[in-house]
Amino acid sequence: QVQLVESGGGLVQSGGSLRLSCAASGFTFSSAAMSWYRQAPGKERELVAAVTNAGDRTNYAASVKGRFTISRDNARNTMYLQMNSLKPEDTAVYYCKAVVPRGPWYHDDYWGQGTQVTVSS
């Protein structure tokens with residue numbers, strides 16, 4: 001079955017860096033668009049960054065542009081999020097999401113269990 005396992009979260013001081021990983025299995029990773037979302041307490045889940053299946057195009061939320069970098073290694077079935085210059089407002093549970101094609105017209109969305117990122121001021 002499809003599994004997405006995030007890792008790399010933790011506690012870091014403001015201005016610090018973290019690198020999140022999302023290890024995927026159970027589907028053809030290179031066919032799936034991948035993305036990172038986050039959800040802070042009391043807030044809705046929001047898109048942080050996305051990458052196409054080939055890794056040739058990326059998209060970022062305005063709040064993280066220039067600080068975060070999304071990437072993927074299709075040979076390792078893994079997606080990454082390099083987070084630099086972290087701010088307290090980046091504190092959230094970070095989730096990875098896979099959009100897996102199912103035929104020419106449909107797709108299925110899968111989510112990981114999330115990893116906590118806490119940035120202290």
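The values are calculated or read from the model by the stated rules, or taken from the named source; none is laboratory data. Just so we're clear, the structure is a prediction, and the values are computed from it rather than from any experiment. Here the Cβ is made from the backbone with ideal geometry for all residues, glycine too, and neighbour counts use every protein chain on show. For the accessible areas, the whole protein counts, side chains as well, though only heavy atoms, and no ligand, DNA or RNA atoms are used. Shrake-Rupley method; radii C 1.70, N 1.55, O 1.52, S 1.80 Å.
How about the range 43-58: which of its residues are farther than 20 Å from Gly112 by Cα and open to solvent by 80 Å² or more (accessible area, probe 1.4 Å)?
Asp56, Arg57
Filter the range 97-107 for residues that are hydrophobic (A, V, I, L, M, F, W, C) and part of a strand (DSSP E or B); which is surrounded by the most Cβ atoms within 10 Å (Cβ to Cβ)? Spell out how you get there, then give the answer.
We begin by selecting, within the range 97-107, every residue hydrophobic (A, V, I, L, M, F, W, C); these are 98-100, 105.
From the residues that got through so far, the ones that are part of a strand (DSSP E or B) too are 98-100.
Details: Ala98: 25, Val99: 15, Val100: 20.
Checked the range 97-107; the qualifying residue surrounded by the most Cβ atoms within 10 Å (Cβ to Cβ) is Ala98.
If I ask for residues that are at pLDDT below 95 and under 12 Å from the mean Cα position of the chain (by Cα), which ones from the range 1-47 would you list?
The answer is none; no residue qualifies.
Search the range 61-89 for residues being over 21 Å from Thr118 (Cβ atoms) and among the basic types (Lys, Arg), and hand back the single one that is nearest to the chain's Cα centre (by Cα).
Filtering the range 61-89 for residues that are over 21 Å from Thr118 (Cβ atoms) and among the basic types (Lys, Arg), the one nearest to the chain's Cα centre (by Cα) comes out as Arg72.
Looking at Ser71, Ser85, can you tell me which residue is open to solvent by 40 Å² or more (accessible area, probe 1.4 Å) and part of a strand (DSSP E or B)? Show your work before the answer.
On the way: Ser85 fails: part of a strand (DSSP E or B).
Going through Ser71, Ser85 in turn, the sole match is Ser71.
Only one residue in Tyr94, Tyr80, Tyr110, Tyr37 is among the aromatic types (Phe, Trp, Tyr), open to solvent by 50 Å² or more (accessible area, probe 1.4 Å), in contact (Cβ under 8 Å) with a residue 12 or more places away in the chain and in a strand (DSSP E or B). Which one? Break it down stepwise before answering.
Working: Tyr94 fails: open to solvent by 50 Å² or more (accessible area, probe 1.4 Å); Tyr80 fails: open to solvent by 50 Å² or more (accessible area, probe 1.4 Å); Tyr37 fails: open to solvent by 50 Å² or more (accessible area, probe 1.4 Å).
The unique qualifying residue is Tyr110.
Which one is farthest from Met34 (Cα to Cα) among residues in the range 51-75 that are polar (S, T, N, Q) and touching a strand residue (DSSP E or B) at 6+ places or on another chain (Cβ under 8 Å)? First the steps, then the outcome.
Just the residues of the range 51-75 that are polar (S, T, N, Q), to begin with: 52-53, 58-59, 63, 69, 71, 74.
After this cut, where a residue has to be touching a strand residue (DSSP E or B) at 6+ places or on another chain (Cβ under 8 Å) as well, the list is 52-53, 58-59, 69, 71.
On the way: Thr52: 7, Asn53: 7, Thr58: 10, Asn59: 11, Thr69: 13, Ser71: 9 Å.
Selected residue: Thr69.
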